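Notes follow the structure.
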Amino acid sequence: MHITALRDDLLRVRVGATGTLPEDASWAVLPESRSAKITVKAESADKTVGFATAKLRVAIQRDPLAMTVTDLAGNVISQDIPGHPIEFHGAEFRVYKRSPEDEHYFGLGDKPGPLDRRNEAFTNWNTDAFGWQESTDPIYKSIPFVLTFNKGVAAGVFLDNTWRSSFEFNKELRDGYSFGSEGGPLDYYILYGPTPKDVVRTWAWMTGATPLPPMWTLGYQQSRYSYYPESEVRRIANRLRSEHIPADVIWLDIDYQLKNRPFTVDPEKFPHFDQMIQDLKAEHLHTVVITDLHIADLPNQGYRPYDEGIAGNHFVHNPDGSVYTGIVWPGPAVFPDFTQKSSRDWWGTLYADFVGKGIAGFWNDMNEPATFQTTSKTMPANVQHRIDEPGFQKRTANHLEIHNVFGMENSRGTFEGVLKIAPDRRPFVMTRASYAGGQRYAATWTGDNSSTWNHLRQTTPQLINLGLSGFGLAGADVGGFAGSPQPELLTKWLEIAAFHPIDRDHTSMGTNPQEPWEDGTTQDLNLRRKFIETRYRLMSYLYTTAEEMSRTGIPIMRPLFLEFPNASKDKHPIDLNTNNEFLMGPDLLIAPSNYPDMLDDYQAVLPPVGWYDFWTGERVAVKGQEAMRVGNDNVPDNDLQITLQPSVDTLPVFARGGSIIPIQPLVQSTEEKPVGPLTLRVYPPLRPGDNCEGSLYLDDGISYAYQKGDFLRLKFNCELNPTGVTVKVSPREGSFAPWWTQFSVEIYGATKPATSVTSASGPIAASYSSERQRVTAVVPDDGKGMSLTVTY
């Protein structure tokens, strides 16, 4: 056993069953992170050996062998079960850890089931799982990372092993959890918080954060399997614009291709494909096309991907050295050997023609890898992959080792290839399968879900756990992929998805049309449009949150405990008491019904900081009867619980007290320049001295010029005092010029008109809305900062 302190809050544990350690290599952990080391202080006693860092203490009991990791306050972070902390059975291994009864587990990617993984068990084996259900496992991704939370102290465990692995929580042992694999290295990491955000930041430091996406990827996206022929794509685009439904993307599934062959276009279905792409661009609609990894097996037929792949020896092999073929959408197909850097580099060149045509993004589907007519749904275990990659020993591995990383390396080849072709444009890649660290290369979604109320409900824990696992840029097929949704279901799904990181309406072949104007009444269309419009009004806030994610790894969509780890008195995750609530960024709380198809009233639990109704601006008066359930006592009236009435025509959204949220004028796409002032919605805190802040980040939304200083960053804050509120805006950071010249400052919680509103230049005219309890003042923005004082 070899234990290394990479940082004061991060340990790496490597174990060799035969007395030698496994190869020191990783597809997931960044080389500079994996090789980091710090100086530690040795600590040994008669029965233990170990060391201490500035934050952790490691003690290894000699007999029986067991490792315990604590923080300097004595909180147990990770504790082996004495007597059998690690079991080896040939190439298989399993690690057993203590599981206190009040410890909770999150992460593992988009596994279906509850938010908390406690009392659950999961297998990591990327699988094409069409029509998966809440109990289905495994599905598309393998991210062997778990965030633990115990009495307010957070930690993380990552098993860096690409073989078929599993995590089990309190199934085998009531007071234990375990993880292991059928082969490969025993190489795992222990991440210490103490806050959940600390763990997430460390995870991003280890495996990389989601790159700053193009702004258009945060807009509304329209898709189905499939839009064809060309006239249908144009009809959809025209209808989006004629119905004034803001949108940025149209997706093309496999039927735009000639006989389902990747990197082709069917000239009969799409006779003017190149012109269509340009016409869509003129309407500010980006095109994302599918480019599956199964290359049609077409020797001597002039099919460039096959001919070049064969000539360069870029496809995976059978044990006898022949090229492996499997049946997928184009029929017999061959598969690039993505564990060879040279093959990934070649794969990336295949995108040059599409990028040249103006296609904006690429969709890597079926990359578990999925195959047809096989019981396993994938390649045989003995298929051979050549590892020829910096940082790895050059060797050949069978499919059991590479399977779970295959989809990630597929998306890596796409991302790096597109970036090389257009080096000043941020690539957008969507992948279905991936491994830990795959967020460096691609966004993702939850795969082939179903058009049911339960799947709408399932979306929240899936996306939250994906975000905690690194994939903060993720979404679900809005409306459901398999089957046709009821009108009310489609409406409600579009409402909730307006607050998700990715908002893409997508459905399967043979289902009813699922665009916002379909399957419902005029009222349904108006509601669907309203929520998509709300997303666009929030685009400055959403993009700012995405930029934070690109620096820190903190996801766009968050569990409540990420922002409020101490919301309950006994410091358990407050999410365990909520009804499918989530946060969009730090300041907006969305509280749909846990069972949105039921008619019963339900209770929303709000962290104790004070909240405002996002729609009306009213301060929310909540009750304290939730105190016992969440471990609080002496709860003030502003804390914890509110009773809500479910309705298809509304979605409860709350703004955090002490937040300042930027709102922009409505546009029909992110490329359209907003007209008017930037609105700053100021939601004062409950008490003087409480934090009140917000921020805004902006750049050109598409290039890497921001890395050279061409960006805009603003910071907002407010101070509550006995006579009123002072709002301040910092001077601009960066050289990017904004689209606005004025701020419209809206201060909520005002029970009467202001007696005076002043800035550095003198008195400012202000209006008052008694209905929204809001004072509004418009002030110029010269970029040098601003201070506005409102007195009541």
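The values are calculated or read from the model by the stated rules, or taken from the named source; none is laboratory data. Keep in mind it's a predicted model, so treat the numbers as computed, not measured. Please note: Cβ atoms are built from the backbone with ideal geometry, for glycine as well, and neighbour counts cover all protein chains shown. For accessibility, only protein heavy atoms count, side chains too; no ligands or nucleic acids. Shrake-Rupley method; radii C 1.70, N 1.55, O 1.52, S 1.80 Å.
A few remarks follow.
- Meets criteria (hydrophobic (A, V, I, L, M, F, W, C) and either under 25 Å from the mean Cα position of the chain (by Cα) or in a helix (DSSP H, G or I) (or both)) for MET366: yes
- Looking only at the stretch 743-767, residues that are part of a strand (DSSP E or B) and surrounded by 14 or more Cβ atoms within 10 Å (Cβ to Cβ) come to 10 in all.
- Odd one out for LEU30 among (1) over 27 Å from MET408 (Cβ atoms); (2) open to solvent by 20 Å² or more (accessible area, probe 1.4 Å); (3) of a type in the set (A, V, I, L, M, F, W, C); (4) in contact (Cβ under 8 Å) with a residue 60 or more places away in the chain: (1)
- ALA705 passes every criterion in (1) more than 28 Å from the chain's Cα centre (by Cα); (2) among the small types (Gly, Ala, Ser); (3) under 29 Å from LEU419 (Cβ atoms) apart from (1).
- Condition met for MET276 (under 27 Å from the mean Cα position of the chain (by Cα) and part of a helix (DSSP H, G or I)): no
- Residue, nearest to THR217 (Cα to Cα), within the stretch 273-311, restricted to residues that are without any contact (Cβ under 8 Å) to a residue 60 or more places away in the chain, surrounded by fewer than 15 Cβ atoms within 10 Å (Cβ to Cβ) and not charged (D, E, K, R): ALA282
- Residue among LYS259, LYS269 that is in a loop (DSSP other than H, G, I, E, B), charged (D, E, K, R) and touching a residue at least 24 places away in the same chain (Cβ under 8 Å): LYS269
- Residue within the stretch 308-324 that is of a type in the set (D, E, K, R) and over 15 Å from VAL383 (Cα atoms) present: yes
- Strands (runs of 3 or more DSSP E) wholly inside the stretch 59-102 containing at least 3 residues that are in contact with a Ser or Thr (Cβ under 7 Å, 6 or more places away or on another chain) and open to solvent by 40 Å² or more (accessible area, probe 1.4 Å): none
- Any chance ALA54 is of a type in the set (A, V, I, L, M) and surrounded by fewer than 12 Cβ atoms within 10 Å (Cβ to Cβ): no
- Applying the set (1) under 34 Å from the mean Cα position of the chain (by Cα); (2) at pLDDT 95 or above; (3) more than 30 Å from GLU389 (Cβ to Cβ); (4) not hydrophobic (A, V, I, L, M, F, W, C) to GLU32 leaves exactly one unmet item: (3).
- For the stretch 189-200, a tally of residues being part of a loop (DSSP other than H, G, I, E, B) and either without any contact (Cβ under 8 Å) to a residue 24 or more places away in the chain or open to solvent by 10 Å² or more (accessible area, probe 1.4 Å) (or both) returns 2.
- Close pairs (8 angstrom Cβ cut-off, 6 or more residues apart or separate chains): in contact (Cβ under 8 Å) with a residue 40 or more places away in the chain in the stretch 387-409, in a helix (DSSP H, G or I) and polar (S, T, N, Q) anywhere: ASP388/SER342
- Residue within the stretch 201-218 that is open to solvent by less than 10 Å² (accessible area, probe 1.4 Å) and in a strand (DSSP E or B) present: no
- Here GLY413 does not fit the description of being farther than 16 Å from PRO262 by Cα and not in a strand (DSSP E or B).
- Just one residue in the set ASN313, ASN364, ASN318 is out of contact with any Cys (no Cβ under 6 Å at 6 or more places or on another chain) and closer than 25 Å to ASP477 by Cα; that residue is ASN364.
- Looking only at the stretch 384-419, and only at residues there that are of a type in the set (D, E, K, R) and closer than 14 Å to VAL316 by Cα, the one that is least open to solvent (accessible area, probe 1.4 Å): GLU409
- Subset tally (residues that are among the β-branched types (Val, Ile, Thr) and part of a helix (DSSP H, G or I)) for the stretch 567-591: 1
- Which listed residue, of THR371, THR378, THR349, is among the hydroxyl-bearing types (Ser, Thr, Tyr) and either without any contact (Cβ under 8 Å) to a residue 40 or more places away in the chain or open to solvent by 50 Å² or more (accessible area, probe 1.4 Å) (or both): THR349
- Within the stretch 443-457, the set of residues being open to solvent by less than 10 Å² (accessible area, probe 1.4 Å), of a type outside the set (Ser, Thr, Tyr) and assigned to a loop (DSSP other than H, G, I, E, B) comprises GLY447, ASN449.
- In the stretch 39-51, the residues that are in a loop (DSSP other than H, G, I, E, B) and exposed (fewer than 13 other Cβ atoms within 10 Å of the Cβ): THR39, ALA45, ASP46, LYS47
- Screening ASP570 on (1) under 22 Å from VAL675 (Cα atoms); (2) open to solvent by 10 Å² or more (accessible area, probe 1.4 Å) shows it passes everything except condition (1).
- Positions within the stretch 542-556 being more than 16 Å from GLY470 (Cβ to Cβ), in contact with an Asp or Glu (Cβ under 9 Å, 6 or more places away or on another chain) and either open to solvent by 10 Å² or more (accessible area, probe 1.4 Å) or not in a helix (DSSP H, G or I) (or both), in sequence order: GLU547
- For the stretch 557-566, the criterion of a residue being outside any helix (DSSP H, G or I), in contact with a His (Cβ under 8 Å, 6 or more places away or on another chain) and modelled with pLDDT of 95 or more is satisfied by at least one position.
- Subset of the stretch 507-523 that is at pLDDT 95 or above and of a type in the set (Asp, Glu) - its residue that is most open to solvent (accessible area, probe 1.4 Å): GLU518
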